[in-house]
Every structure is written in C-alpha cells, then in structure tokens.
1. When segment 168-179 is examined, which residues are found to be surrounded by 19 or more Cβ atoms within 10 Å (Cβ to Cβ) and within 15 Å of residue 91 (Cα to Cα)?
2. Name the residues in segment 31-58 that are crowded, with 22+ Cβ neighbours inside 10 Å and at pLDDT 90 or above, would you?
3. Do we find a residue being at pLDDT below 90, part of a helix (DSSP H, G or I), farther than 27 Å from residue 144 by Cα and touching a helix residue (DSSP H, G or I) at 6+ places or on another chain (Cβ under 8 Å) anywhere in segment 101-111?
4. Does residue 114 count as at pLDDT below 85 and surrounded by fewer than 17 Cβ atoms within 10 Å (Cβ to Cβ)?
5. For segment 150-165, indicate whether the set of residues that are in a helix (DSSP H, G or I), more than 30 Å from residue 75 (Cα to Cα), free of Cβ contacts under 8 Å to residues at least 12 places away in the same chain and under 18 Å from the mean Cα position of the chain (by Cα) is non-empty.
6. How many residues does segment 154-167 contain that are within 18 Å of residue 58 (Cα to Cα) and surrounded by fewer than 24 Cβ atoms within 10 Å (Cβ to Cβ)?
7. Which of (1) touching a helix residue (DSSP H, G or I) at 6+ places or on another chain (Cβ under 6 Å); (2) in contact (Cβ under 8 Å) with a residue 40 or more places away in the chain; (3) assigned to a helix (DSSP H, G or I) is the odd one out, the single condition residue 168 does not satisfy?
8. Is it the case that residue 120 is under 17 Å from residue 182 (Cα atoms), free of Cβ contacts under 8 Å to residues at least 12 places away in the same chain and either in contact with a helix residue (DSSP H, G or I) (Cβ under 7 Å, 6 or more places away or on another chain) or assigned to a helix (DSSP H, G or I) (or both)?
C-alpha cells in the first residue's frame, strides 16, 4: 500500500470515529433524557453505555492521529488494552443491570420516541461498524477493528433494546429487553478478553 493510499484510509477512519463520537454524545443526552421522562431504566442504561463507547472511540482517534507511528507494537498494545477496558466496563454494566432486572422482574416503561430513536440508532451504528471494519482490514489496525466490534455491538444493543421495549408494550414480555442486554454483555466480556490477549501477544512478539 502506498503512503498516499494509507493516509487516505487513515483520514476516512478518523472521519468515521468523529461521526461515531458525535452520534454517541447526542445518543447519551437524548436516551438518558427520554429514559428519565419515561422512567425507563432500559433507556437510561443504554445512554450510559454510550459514554463508555465514547471512550473507546477516543482511544482509536488517539491511535490513528497523524504524526504518530500507529504501527508500533507498544502503542497498538496500549490502545488494545484501553479498548479492552471499555469492553469490560460495558460488559459489567450490561450484565449487572440485566441480571438485576431479570431477578426483580422490573418492567420497562413504554416510550414510543425512545423506540423510534433506537431503530434509527441501530441502522446508523451497524452501518458505521461495517465501514470501520473494512478500513481496519485495509489499515491492518487492530484497535480500529476492535472498536468496530464495539460499534457493531452498540447496533445490536440498540435493536435488542428496541425490540424489548416493543414486545413489552405490545405483549407484556418484560424479560425480552434484559435478556437481549445480557447476551450483548456476554459478547462484550468475550471481546474484552480477546483484546487483552492480543495486546499481550504484541508485547511478547
């Protein structure tokens, strides 16, 4: 790959990260606000997760910033460890909240606006994840690839929360939302482990 092509791919990756950061800022403010208005812990929890994802995106921006050797193993390993921490925090929040809700039988409140916004968020996040994954392969960037996985999980969580709130509103299936969150939390925990192990391998190589 020529330096010009690599620079272009790197610029596109940074643009996607900036778009993700901008969306997640709005997502956190809006979903937490809608959650408070509707008394929905599902929406409040989803907005809180967005703050964790902001940290992961910031790490990738730091790793890809021009003027730095983002191919350096130690720099890449540090970025992977930081993204791993973000995955671990995401897993901790999702698993603890979902288990609490499943045990207590708490029913999420109805929020038509929240459901509509989650549907849009799912499309946006899954699309961003797809483009990030492609650029990560071209740049051979492990941190970008890992953060793309977090963006993908955000899209899945959006869809799962939307479906859970909808099923509760239509059929009274209160458990659908925490069950979906629990699955995403377990996937995030696995991503945290894999990223930490990959970082260790880079340092040892």
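The values are calculated or read from the model by the stated rules, or taken from the named source; none is laboratory data. As the structure is a computational prediction, the values presented were derived from the model and not from experiment. All Cβ positions, even for glycine, are placed from backbone atoms using ideal geometry, and neighbour counts span all protein chains on display.
1. Residue satisfying the conditions is 178 alone.
2. 57
3. To start, the set of residues in segment 101-111 that are at pLDDT below 90 comprises 101-102, 104-111.
Remaining after also requiring part of a helix (DSSP H, G or I): 101-102, 104.
Remaining after also requiring farther than 27 Å from residue 144 by Cα: 101-102, 104.
Still in the list and also touching a helix residue (DSSP H, G or I) at 6+ places or on another chain (Cβ under 8 Å): 101-102.
Yes, that holds for at least one residue.
4. On the way: at pLDDT below 85: yes; surrounded by fewer than 17 Cβ atoms within 10 Å (Cβ to Cβ): no.
The answer is no for residue 114.
5. Within segment 150-165, none of the residues are in a helix (DSSP H, G or I), more than 30 Å from residue 75 (Cα to Cα), free of Cβ contacts under 8 Å to residues at least 12 places away in the same chain and under 18 Å from the mean Cα position of the chain (by Cα).
6. Of segment 154-167, the ones within 18 Å of residue 58 (Cα to Cα) are 154.
With surrounded by fewer than 24 Cβ atoms within 10 Å (Cβ to Cβ) added as a condition, the list becomes none.
Result for segment 154-167: 0.
7. (1)
8. Values: under 17 Å from residue 182 (Cα atoms): no; free of Cβ contacts under 8 Å to residues at least 12 places away in the same chain: yes; either in contact with a helix residue (DSSP H, G or I) (Cβ under 7 Å, 6 or more places away or on another chain) or assigned to a helix (DSSP H, G or I) (or both): yes.
Answer is no for this residue.
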